[in-house]
Every structure is written in structure tokens, then in C-alpha cells.
Amino acid sequence: MKNLKFVVCLSFISATAFGSVFSTLTPEEQASIQNGDLVTVNTPNQDTETTWPKCAAYKRIEATPEEAAAVYADFEIQKDYIRHLKVSHIAQKLSPASFIVDYEIKVPFFFKPFVKVTTYSVKDDLSFDSAANTYVMDWVLSKAGFLKNIVGRATFEPLGTGTMIAYVNEMSPAGTGMNAGMVVKEIKKGSKEVVEDIASKILSERKNHQEILQKQILNLREVFSK
């Protein structure tokens, strides 16, 4: 229980500082999201050596934040529904809410001259703001492959009768050769496709695989019960 209070306290501070993601969006973006559209926003990368943008994608779905976060936090199955992943595997459990996750990506044919190593690892930290009923997954690069840096956040916050998925990812490549226009185009598509895949998986489990979903929810609750 002590750990739970500590995690919730940390997440409350983080969420308070970060604020509601939905409230930071423009009225036009908010209206599109409420209408069920997937909204993407690309902004300049903090790394001035790359043309890869900081990519964000937002979508509202008819599911609870707990259901959405429970599915996404099941790292081992991400490779089964996120289209660009070949491997997603928990390499190390640092604490109930912190993990090192190994990934391997599927490389489009035009990436292959630039990408020799397709693996990388990130440190994922899960938090929960009970006051706002919002789950947050933060990640940073743990072991480089073809990447020099990666930092991101997935937020699952209540919106009306459903949940808004907010996925923000900022990556920079290890080599400048990957700043080619066709590569940047694929990077911009990446966050959009990830949110499409996450949303589709959550809704599929909610409709067709309640037994799996309920196990994932129990696993998520266990994280915050220790």
C-alpha cells in the first residue's frame, strides 16, 4: 500500500504538471477527436541534427481508461497487433510499474540501406492518477540500435463516455543518412498507425475477447496494489 501511495503521488505530480492532454489541443482538434477522427500533430524534433519530427496522434474510443491501459501494458502481445513490430519482450522487470522492453521492428525495403540493426530497448514506466482516472506510460531509450534517442508517452484519459488515447513519440536516428524524405514520411505515419492498431486491439478485445481483457485488467490492478 505504501508503494501504491508513492506511485499515485508521483503520477499525480506528473499529471498535474502535464495537465489534461485534451485541454492542450486546439478547438478544431478537439472537435475532430470528439467526432471519432484520428488527429495527428507533427512538430520539430529537439535534436536539430535530424529531420524526424516529434509525432503525436490522438483518438477517442468507447472503452474505459483502465481497459485501454491494460491492453497496451501487455507488452508481450504488442508484436501481434502493432504492424511494424516483429518482437516485443519484457527483458527485465525493475519494479511493479517499471520495465525494460526489447523491440525489433519490421524494416520497409527502402530503410534497409540505412538500417543494419533493427533492435532497441526502452525503459517503460507506468503511472496512474486516481483523481483524474488517467493512466500514463512513459518511455526512454535504454539500449540503442539504429536510434540515438527516443522518448515518448502514451496517455489514456477519460473523455465523455470513452477514453482518448494520446500517443507522443520523439526519435532521432543514429545516422544522418536516415534523414531522407521517404524515411521522414514513414516516421510521420508511424504514430498514426500505432494508435490505429492500439485502438483496434482494445475494441476487438472488448467486443470479442472479454476473458483476455479481464486478465489484463487484473494484471494492471496488481501493478498498483503492491
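The numbers here are math on the coordinates, done by the rules we state, and not lab data. Every value quoted in this text rests on a predicted model; they were computed, and no experiment measured them. Neighbour counts run over all protein chains shown; Cβ positions are idealised from the backbone, glycine included.
Given their separation in residues at 0.36 nm each and the Cα-Cα distance between them, T26 and K207 gain 62.0 nm when the chain is fully extended.
Under the rule a/c < 1.5 gives rounded, and otherwise a/b versus b/c splits prolate from oblate, where does region 38-102 land using the Cα gyration tensor? It is oblate, given that a/c is not under 1.5 and a/b is not larger than b/c.
So how far apart, in nm, are the two label points at K93 and Q34 if each is 7 Å from Cα heading toward Cβ? If labels sit at K93 and Q34, their model points lie 4.2 nm apart.
Pairs over the 24 Å Cα-Cα cut-off, from the set K54/K123; K148/K189; K86/K192; K93/K207: K93/K207. Protection proxy ranking of 166-174, 26-34, by the mean of other Cβ atoms within 10 Å over each peptide's residues and highest first, is 166-174, 26-34.
Modelled this way, with points 7 Å down the Cα-to-C-beta line, the labels at R221 and E62 are 2.4 nm from one another.
Ignoring aspartates and glutamates fewer than eight residues from K106 along the same chain, the ones with Cα atoms less than 14 angstrom from its Cα are D80, E186, E193. Relative to one another, the C-alpha centroids of region 205-223 and region 47-84 are positioned 17 Å apart.
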